[in-house]
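Below is one structure, written out as structure tokens; comments come after it.
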Amino acid sequence: MTKAPLLDPFAVFGVEHRLDLEEHALERRYLQLSRELHPDRNRAIGAADCAAVLLRAAEVNDAWRVLRDPWERARALSHILAPGILEQHKSLDPDFLLDAIDLAEQVTLCEPNAVANLQGRIKQQADAIFATLQKAFAAGDHALAAQQIHQSKYLRKALADLETRS
Amino acid sequence: MTDAVQQPRLVIGIDLGTTNSLCAIRTGKGARVLRDRDSEPLIPSMVCFHPDGRKIVGREAKALRLTFPDRTVFSVKRLIGRAGEEVDAETKILPYPVHQGERGLARVRIGNDDWSPEQISALILRKVKSTAEQALGQEITAAVITVPAWFDDGQRQATKDAAALAGLECLRMINEPTAASLAYGIDGSKNGTVLVYDLGGGTFDVSILRIDDGVFRVLATVGDTHLGGDDFDRLLGDRILAAIGADARNPYVLQAVRAAAESLKCELSTKPNANLQLDLQGKQSSFSVTRVEFEAMIAPLVQRTLECCRRALKDAKLTAAQIDEVVLVGGSTRVPLVRQRLYQATGRQPNTGVDPDLAVALGAAIQADVLAGNDKSLLLLDVIPLSLGLETLGGAMQKIVLRNSTIPTSAAEEFSTAVDGQTSVALNIYQGERELVRDCRMLGSLTLAGLPPLPAGLPRIAVTFLVDADGVLRINAQEKRTGQEASILVVPSFGLTRDEVRRMMFESIEHAHADILARESIDLRNKAQSMVKGTKKALEQSDLPPDQTFAVQKSVKALEKLLAALTPVDLAVLKLATEELSKLTVTIADDVISSAVQKALAEEQREGKV
């Protein structure tokens, strides 16, 4: 079972292929598209028409889900600008891998009163990675961008695990 | 994408509740609840299968629940779209007989007949429909029906089927808390974040919504399909049973205690203590309870609702401080402990501006108006409450659509074959949040057949999962290498198969005929009985010649015999006997009247007034 190719969420929203997009503007665009394309506003006549209306509305919702999350947005952007590059750069820097294993351990052993502190530290690391990611996309260095995206997964997983424990 | 000319038609909103159902309509700006002839808005969601064959719905059924406890069905919403162990759990607490039928599906046994929850819900919907028609003076064929946000695909599909059985086109199913938020005067002009706390008779839901210029967007919804006011009643009922030492196995006792508990609960919402006198099969007992005791009983349940609120906030990535308004829905939010705890948890005084019993129906009416094309300023964006996924190797759950995804939503996956020349692939579809499919609910299995016979791994089957605006799953599959559409066969594990729905629709038409016959038979019996009584009295007063008297007496006797018969009497025979007597009595009537006139005349003459 493999994921079927994604639709281009940037195209659905009619915005540029770039990482830095203003979130408020994206949200306004989402609400506007929903008003135009939601099935409630487009009572379909025939069955085929009905499916088309549904699919179009689903595209808007699915694109919004990707675009609103900067990391998902980055992944989609990499996929569109440099197809296949994410698969090519799967192997991580051994040092980073050691750090990631260490981090997972810290999360597991974290005392409840230390959760907030650890969360803060991981968020800082994530922010640093995102800054590198922004620079990489701006410079057209898609290999570097792909590496950052892969690295961010470990940090985001750690944050999610901490979230369920709080 | 058309903006076709809409026929101006009335679409109602229906709140199909666990304990009560009701409907509302919006014409112009305001929505209003539709009431029956006695101007009652609430229709108890109860159906009494009367031994005489009638199916009585609503208040009359509620009145009969103590007379026919094993034939009066309530809380059927707890059974709809459910099967297996879930049914067993309900069987223990319901006084009418429920068992697992075909495929483990819930069936209610009345006499020798099995009824599906869909059929029983359809009877309730039919009653709601006729109440609306009588209030509006026109036929209603379409509705927006609300369901608990936490309802899964099976329960939603079953509710849709019930609507079809009742002759209603379900234009849209919307989640109850979402509907309520529409009703709350939150007319879309005020932007903000709202927490809707909906504690009904049998279900609990909490939803967090964001309102931006008329767009109502659900950010997160969390709930518990088995938590509600019924559970409060049951805890109180158990206490009563223990205190008076009554037989908990007896359905009469159970229904009576349940009814008593419900009224005690309501009393405790306004008073610090309440007591009752119970007359159970001639045995008098009394019971009293304080609000403090009641609150101690229900505190763990209330706590469970607050945990749901916390989870919803977390899913919406918000803190309690970011909530602008807290809205209460459902009759059970009248319980003071609920309001108090919610205030403590959110730091906001709950908004109680709309009657919590009516809010959901009013909101559904507003959405109905929107769908009828009359209001373009509002838009609801709802979410799917539970993740959808597929079984993968080792029984793991591979999530394809995540919970709290805005609907409609779609996801595409590609599949291939494992064996050379394989022409079909089977997929099992599940709904739930757990990691293993055995902890999730199986929605059905899907077979992709008619694949071209190719070496293993070569076929590329693209399967699209589309969740529509009702939160119901639709599946589409195509083999990409050959472009061949794979045929899909979905066998639902819950609810009804398409064939069953068709059969039941047909049967409901047949039953409609049987219902009319049953009704006719009752009317005729009543008529015959009063005729026997009247004729006997008239015979005493009249001076008919002996031969005529004898003929009438003979006819009365024949009719009496038919009425007293223990076996069901053919309607036609009864009709014939009644008509026969009716013909004969015309002469007595004449005679009685003329003799009365003569008598009166004679008396007046005697008094010398003429």
Exercise. On the given criteria, is A:L21 under 23 Å from A:W71 (Cβ atoms), modelled with pLDDT of 90 or more and within 10 Å of chain B (Cβ to nearest Cβ)?
Worked result: no
For this session: May I ask you to verify whether B:R249 is surrounded by fewer than 18 Cβ atoms within 10 Å (Cβ to Cβ), among the basic types (K, R) and not in a strand (DSSP E or B)?
Result: yes
Problem set entry | Lone qualifier among B:V76, B:V108 - being crowded, with 21+ Cβ neighbours inside 10 Å, in contact with a Phe, Trp or Tyr (Cβ under 8 Å, 6 or more places away or on another chain) and not basic (K, R) | B:V108
Exercise. If we scan segment B:332-350, do we find a residue that is under 19 Å from B:V11 (Cβ atoms), touching a residue at least 40 places away in the same chain (Cβ under 8 Å) and out of contact with any strand residue (DSSP E or B) (no Cβ under 6 Å at 6 or more places or on another chain)?
Worked result: no
For this session: Under 7 Å between Cβ atoms, at least 6 apart or on separate chains: pull out the pairs that start in segment B:460-481 with a residue that is under 24 Å from B:L380 (Cα atoms) and more than 8 Å from chain A (Cβ to nearest Cβ) and end on any residue that is basic (K, R) and buried (at least 16 other Cβ atoms within 10 Å of the Cβ).
Result: B:D470/B:R156; B:D470/B:R172; B:G471/B:R156; B:V472/B:R156
Exercise. Where in segment B:390-459 are the strands (runs of 3 or more DSSP E), entirely inside, with at least 1 residues that are aliphatic (A, V, I, L, M) and in contact with a helix residue (DSSP H, G or I) (Cβ under 6 Å, 6 or more places away or on another chain)?
Worked result: B:396-401, B:441-449
Problem set entry | Restricting segment B:193-239 to residues that are within 14 Å of another protein chain (Cβ to nearest Cβ) and among the charged types (D, E, K, R), the residue that is surrounded by the fewest Cβ atoms within 10 Å (Cβ to Cβ) | B:D213
Seminar exercise, completed: Condition set at the interface with chain A (Cβ under 10 Å from one of its Cβ atoms) and in contact with a Gly (Cβ under 9 Å, 6 or more places away or on another chain), scope segment B:381-400, selection surrounded by the most Cβ atoms within 10 Å (Cβ to Cβ): answer is B:V383
Exercise. Out of curiosity, is B:A61 crowded, with 22+ Cβ neighbours inside 10 Å, assigned by TED's automatic domain parsing to the domain that holds B:G137, in contact (Cβ under 8 Å) with a residue 24 or more places away in the chain and at negative phi?
Worked result: no
Problem set entry | Sole exception among (1) within 14 Å of chain B (Cβ to nearest Cβ); (2) more than 30 Å from A:L37 (Cα to Cα); (3) at pLDDT 90 or above for A:A116, by number | (3)
Problem set entry | Test result for B:V383, under 24 Å from A:A52 (Cα atoms) and in contact with a Ser or Thr (Cβ under 6 Å, 6 or more places away or on another chain) | yes
Problem set entry | Verdict on B:Q484 being closer than 22 Å to A:A51 by Cα, modelled with pLDDT under 80 and more than 11 Å from chain A (Cβ to nearest Cβ) | yes
For this session: State the number of residues belonging to segment B:418-435 that are buried (at least 16 other Cβ atoms within 10 Å of the Cβ) and within 12 Å of chain A (Cβ to nearest Cβ).
Result: 2
Exercise. For segment B:408-446, what are the residues that are hydrophobic (A, V, I, L, M, F, W, C) and farther than 28 Å from B:I174 by Cβ?
Worked result: B:F415, B:A418, B:V419, B:V425, B:A426, B:L427, B:L436, B:V437
Problem set entry | Identity of the residue in segment B:2-42, within 14 Å of chain A (Cβ to nearest Cβ) and touching an Asp or Glu at 6+ places or on another chain (Cβ under 8 Å), that ends up modelled with the lowest pLDDT | B:T2
For this session: Would you please name the residue that is nearest to B:V437 (Cα to Cα), looking only at residues in segment B:357-388 that are modelled with pLDDT of 85 or more and assigned to a loop (DSSP other than H, G, I, E, B)?
Result: B:S387
For this session: Can you work out which of the residues in segment B:195-234 that are out of contact with any Pro (no Cβ under 9 Å at 6 or more places or on another chain) and part of a loop (DSSP other than H, G, I, E, B) is farthest from B:V354 (Cα to Cα)?
Result: B:H226
Problem set entry | Only one of B:R258, B:R304, B:R291 that is of a type in the set (K, R), in contact with a helix residue (DSSP H, G or I) (Cβ under 6 Å, 6 or more places away or on another chain), more than 14 Å from chain A (Cβ to nearest Cβ) and under 18 Å from B:R341 (Cα atoms) | B:R291
Exercise. Which one of these does B:S130 not meet: (1) outside any strand (DSSP E or B); (2) polar (S, T, N, Q); (3) crowded, with 19+ Cβ neighbours inside 10 Å?
Worked result: (3)
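The values are calculated or read from the model by the stated rules, or taken from the named source; none is laboratory data. Computed from a predicted model, the values in this text were never measured in an experiment. With ideal geometry, Cβ positions are generated from the backbone for all residues, glycine too; neighbour counts draw on all protein chains shown.
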